[in-house]
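Only one structure is covered here, and it is reproduced in the block below.
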Amino acid sequence: MKILLLLVFCCFTLSVSAQTEKELIGKWKLVKMTKDGEEKDIMKEFKTDQVYQVFKEDHKFVGINGEKSRNGKWSLSDDNKELKVTISIVSVKFKIDYFDAKRRVITSDQTGTLEYNKVEE
């Protein structure tokens, strides 16, 4: 029984911390936003539900809000626990709460908690 519990714990730990730059590459759609413990309406906050983050292999970043987009750069910390996105002169550091190949949850003081699903293109 102890071995089974240890195995389950190890699998859970690996799935949470297994995020790498390679898995981050791609287009991610914002599906949930929470700030100060309250879920926010994405449509009301952004005037669209088409809100995306696009991570490219050369550390280039595109933030998409409906028909508007902004270019920038991104970096992932060595321990894969922090994501930094820079657009123009503004940088935002996100704590990575959860990350796998299809779902990502990040938090910052400025934005609150953001949940993204990867878009298959």
Looking at (1) in contact with a Ser or Thr (Cβ under 8 Å, 6 or more places away or on another chain); (2) under 25 Å from residue 121 (Cα atoms), which is the one condition that is false for residue 29? (1)
If we keep only residues of the stretch 28-46 that are more than 22 Å from residue 100 (Cα to Cα) and in contact (Cβ under 8 Å) with a residue 24 or more places away in the chain, then the residue surrounded by the fewest Cβ atoms within 10 Å (Cβ to Cβ) is 36
Would it be correct to say that residue 66 is surrounded by fewer than 14 Cβ atoms within 10 Å (Cβ to Cβ), free of Cβ contacts under 8 Å to residues at least 24 places away in the same chain and touching a helix residue (DSSP H, G or I) at 6+ places or on another chain (Cβ under 8 Å)? yes
How many residues are surrounded by 18 or more Cβ atoms within 10 Å (Cβ to Cβ) and among the aromatic types (Phe, Trp, Tyr) if we restrict to the stretch 96-121? 2
Counting only residues that are without any contact (Cβ under 8 Å) to a residue 40 or more places away in the chain and among the small types (Gly, Ala, Ser), which one in the stretch 69-121 is nearest to residue 50 (Cα to Cα)? 69
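We did not get these values from a lab; they are worked out from the coordinates using the rules stated. Since the structure is predicted, the reported quantities are computational estimates derived from the model, not experimental observations. Quick reminder, even Gly has a Cβ in these numbers, built from the backbone with ideal geometry, and neighbours come from all protein chains shown.
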